[in-house]
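Visitor: This structure is in structure tokens; I'll ask about it shortly.
The values are calculated or read from the model by the stated rules, or taken from the named source; none is laboratory data. All values derive from a computational prediction rather than experimental measurement. Cβ atoms come from the backbone with ideal geometry, glycine included; neighbour counts cover every protein chain shown. Accessible surface areas use protein heavy atoms only, side chains included; no ligands, DNA or RNA. Shrake-Rupley method; radii C 1.70, N 1.55, O 1.52, S 1.80 Å.
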Amino acid sequence: MVKVIAKFFVKEDKVEEFLKLASVLVEESRKEEGCVSYNLLQDVSNPQTLIMVEEWESAKILKTHMASAHFTSIIPKMSLLQFQKEEITVCKNVF
């Protein structure tokens, strides 16, 4: 299993637009083979910080996801709505 934690820093006036794009990304990604889970979280103390938490069966499947039509079309649009570049961490389970 591979987990991805992607932290997005969205402009205050762009949060709703970001959420609309993210909802499509989440919905389409959950349909992909090998997707164990795909969720968007929002920081309760700072609603401009949104965190995508994903779990994939393998690194190969994650790579396929990152080349998918929905990913390659939505992520660039989401990036334009940020005031700071996203932070992405790919993890594996230790325990």
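Visitor: Based on what the data block shows, is residue 94 at pLDDT below 95 and either in a helix (DSSP H, G or I) or more than 14 Å from the chain's Cα centre (by Cα) (or both)?
Guide: Criteria met by residue 94.
Visitor: Another one. Cβ contacts < 8 Å: first residue within 10 Å of residue 74 (Cβ to Cβ), restricted to segment 1-30; second residue open to solvent by 20 Å² or more (accessible area, probe 1.4 Å) and part of a helix (DSSP H, G or I), any location; separation 6+ or different chain. Result?
Guide: Correct list of pairs: 21/77; 24/70; 25/70; 25/71; 25/75; 28/70; 29/70; 29/71.
Visitor: Here's another thing I want to ask about it. Which condition number in (1) open to solvent by 80 Å² or more (accessible area, probe 1.4 Å); (2) more than 14 Å from the chain's Cα centre (by Cα) is the one that residue 77 fails?
Guide: Answer for residue 77: the failing condition is (2).
Visitor: Being closer than 13 Å to residue 38 by Cβ and among the aromatic types (Phe, Trp, Tyr) is the filter here; which residues of segment 51-95 pass it?
Guide: Those that are closer than 13 Å to residue 38 by Cβ and among the aromatic types (Phe, Trp, Tyr): 56, 71.
Visitor: Just name the residue that is surrounded by the fewest Cβ atoms within 10 Å (Cβ to Cβ) out of those in segment 5-57 that are of a type in the set (A, V, I, L, M, F, W, C) and out of contact with any strand residue (DSSP E or B) (no Cβ under 9 Å at 6 or more places or on another chain). I'd like the intermediate steps shown before the answer.
Guide: Within segment 5-57, the subset of a type in the set (A, V, I, L, M, F, W, C) is 5-6, 8-10, 15, 18-19, 21-22, 24-26, 35-36, 40-41, 44, 50-53, 56.
If we keep only those that are out of contact with any strand residue (DSSP E or B) (no Cβ under 9 Å at 6 or more places or on another chain) too, we end up with 21, 24, 44.
Numbers: 21: 17, 24: 13, 44: 7.
Residue satisfying both the conditions and the ranking: 44.
Visitor: Restrict the check to segment 58-71 and report whether at least one residue is surrounded by fewer than 13 Cβ atoms within 10 Å (Cβ to Cβ) and more than 19 Å from residue 2 (Cα to Cα). Give the derivation first.
Guide: Step one: list which residues in segment 58-71 are surrounded by fewer than 13 Cβ atoms within 10 Å (Cβ to Cβ), which gives 58-60, 63, 66-67, 69.
From what is left, the residues that are more than 19 Å from residue 2 (Cα to Cα) are 69.
Scanning segment 58-71, I find at least one residue that is surrounded by fewer than 13 Cβ atoms within 10 Å (Cβ to Cβ) and more than 19 Å from residue 2 (Cα to Cα), so the answer is yes.
Visitor: Name the residue that is farthest from residue 12 (Cα to Cα), counting only residues in segment 53-84 that are assigned to a strand (DSSP E or B) and without any contact (Cβ under 8 Å) to a residue 60 or more places away in the chain.
Guide: Just the residues of segment 53-84 that are assigned to a strand (DSSP E or B), to begin with: 53-56, 82-84.
From what's left, without any contact (Cβ under 8 Å) to a residue 60 or more places away in the chain: 53-56.
Details: 53: 21, 54: 24, 55: 28, 56: 31 Å.
Applying the filter and picking the extreme gives 56.
Visitor: When you go through (1) under 23 Å from residue 1 (Cα atoms); (2) part of a helix (DSSP H, G or I) one by one for residue 21, which number turns out not to apply?
Guide: If we test residue 21 against (1) under 23 Å from residue 1 (Cα atoms); (2) part of a helix (DSSP H, G or I), just (1) comes out false.
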